[in-house]
Amino acid sequence: MYEKVLIITVGGSDEVIVQAVKKYHPDYVFFICSGGNPKVASEITVDGKGNVCIRKREIRCPNCKQIIEKKETYPNILIQSGYKGEYEKVILDDPDDFSEIYKKTKETLKKAKKIGREIICDFTGGTKIMSSVLSILSAFDFELKLSFSKGKREDTIKITKESFPIVENIISARIDFFMNTVDSLISKYLYYPAKLILEQLTEKELGNQQKEILRKIEICDAFYHWDNFEYEKAYKMLKGYSQQYPQQWNYLLKILKKTKNSGYEPVLDLVKNAERQAENGFYDNGVARLYRGIELLAQTRFKKEYKIETAHLEKSLDKVKNKEKWERKRDKKGEIKIGLTDDYELLAELEDPFGKIYKKKEKELQNQLKIRNLSKLAHGDNPILEKEWREFFIFSKNYIEECLTEIKVKIEYPVLPDKIQ
């Protein structure tokens, strides 16, 4: 393993390369240079014999042929810099071919990471495409240091000889790059992967942006737990941001029954949760949540109106009309547990408004439930396609809303943020 590896693009100017090698004292150097015709190739300037580095070409008067400016040449870069360490030339067939340069530069970076602890990428030399590719590939990689030669400018043509290589601090640009990815994930309500990326960032040198990133991690974590139905955890994490997210905070208080509520907020939250799942293509997950929403709707009605627990109906048989029918559903433990269809059958038996709506829509509901029952996440082996999801969603949402409207419950959905500022 080498302590310091330098990757540097080599063009017509040898001075900037010599300066970089002298300054950084690398243990291994990758010279990315052009090959082919010696007259235009830069590989010869690395380790060629003789005075192969040409800084000035001979200029003669076109009329009298007198020498106006003498030719100025120097030995190769290794000799000038006094470099005695190991090196490798990465030869490009065409220094203006983006595809070739990208492929070979990417391979070089990969190799450098395997052999070096500290990696410096200097993109001062080479063709514009050579230096651009190296800067693009290294700019947003926290494992790499980005270097270029900087000097005084006296005009718009070039930097003066008094230039020197520096490692530029581009942490802000790197963080912005990752934050764009994070923002894209949040826009799709993918809080958990957004949080993971942010947590990876905290392992880097963040400068004055560390506090802001930690804040964003906390908010992503809060909404991830909400999306995962861990309402108490979400409550604790979101408490410090209640003023920033008043709509979500107030709705969460209703879900947790910490303020005035209808009791049906968890049902409506399931509908929106299902919608978020489907937005990212998880249609099976979406249908499973809607199924649970319809079931929870009935269970909540039983608890609020009749004080009946459908998981222990045996405790409430005195409240039902057809006791014999429900007695037959006792299991070996003596418990009576009923599912979605039986929930609504019992509500119909009790002449509850939900039961009346169920009887009116019974056939349509059973047809829709077949989609869920035959899916991978239920009892079948079928994946749910977008069209089936859409049908199930429209029916389920309308069914839930009709039931709640019938008992005069205000339809109010939570809206989780698609942006975290």
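Read the figures in this text as sums done on the coordinates, not as results from a lab. The structure presented is a predicted model; accordingly, all values stated were derived computationally and were not measured. In this analysis, Cβ positions are derived from the backbone assuming ideal geometry, glycine residues included, and neighbour counts consider all displayed protein chains.
General observations
- In sequence order, the stretch 378-392 has phi-based couplings of 10, 10, x, 9, 8, x, 8, 8, 4, 4, 5, 4, 4, 5, 5 Hz under the Karplus curve 6.51 cos²θ - 1.76 cosθ + 1.60, θ = phi - 60°, and Gly or Pro positions carry x.
- Relative contact order (percent, whole number), the chain, Cα cutoff 8 Å, 6+ residue spacing: 11 percent
- Approximate spin-label separation N250-E386, in nm, with each point projected 7 Å along Cα-to-Cβ: 3.5 nm
- Net length gained if the chain between I166 and K376 were fully extended (0.36 nm per residue, minus Cα distance): 69.8 nm
- Net length gained if the chain between D331 and S184 were fully extended (0.36 nm per residue, minus Cα distance): 47.9 nm
- Expressed as a fraction of 2.2 N^0.38 Å, the value expected for a compact globular protein of N residues, the C-alpha radius of gyration of the stretch 218-335 is 1.32.
- Degrees separating the helix 246-255 axis from the principal Cα axis of the chain, which is the longest one: 40 degrees
- Fluctuation leader among Y344, Y24, Y189 - the chain, Gaussian network, Cα springs under 10 angstrom: Y24
- Where labels lie 7 Å past Cα in the beta-carbon direction, separation of F229 and V40 in nm: 6.7 nm
- For the stretch 90-130, the orientation-averaged shadow of the C-alpha convex hull comes to 2.9 nm² (one quarter of the hull surface).
- Long-range tail of P(r) for the chain (Cα pairs > 26 Å, %): 69 percent
- Dimensions (Å) - the stretch 165-239, Cα atoms, principal axes, largest first: 54, 22, 15
- When you work out D = kT/(6 pi eta Rh) for the stretch 262-406 at 37 °C and 0.692 mPa s, using the Kirkwood radius from C-alpha pairs as Rh and the Stokes-Einstein form, the result is 207 µm²/s.
- Note on the stretch 1-153: antiparallel DSSP beta bridges, both residues inside, total approximately 20 percent of the bridges counted.
- Relative contact order for the stretch 175-241, counting Cα pairs under 8 Å that sit 6 or more residues apart, in percent: 26 percent
- Ranking of T259, T127 by neighbouring Cβ atoms within 10 Å, starting from the fewest: T259, T127.
- MRE, 222 nm, helices only [DSSP H, n ≥ 4, -39500 (n - 2.57), over the chain, to nearest 500]: -15500 deg cm²/dmol
- The GluC sites (Glu not before Pro) of the stretch 327-379 meeting both criteria, a DSSP state outside H, G, I, E and B (loop) and at most 11 other C-beta atoms within 10 angstrom of the site's C-beta, are E351.
- Percent antiparallel among DSSP beta bridges (both partners in the chain, rounded to 5): 35 percent
- Cut-off under 5 Å, modelled amide H: who pairs with I119 long-range: V5, K145
- Full extension of the chain between K419 and F98 yields a length gain of 112.0 nm, computed as 0.36 nm times the residue separation minus the alpha carbon distance.
- Counted by neighbouring Cβ atoms within 10 Å, the residues D381, D93, D122, D343 run from fewest to most as D381, D93, D343, D122.
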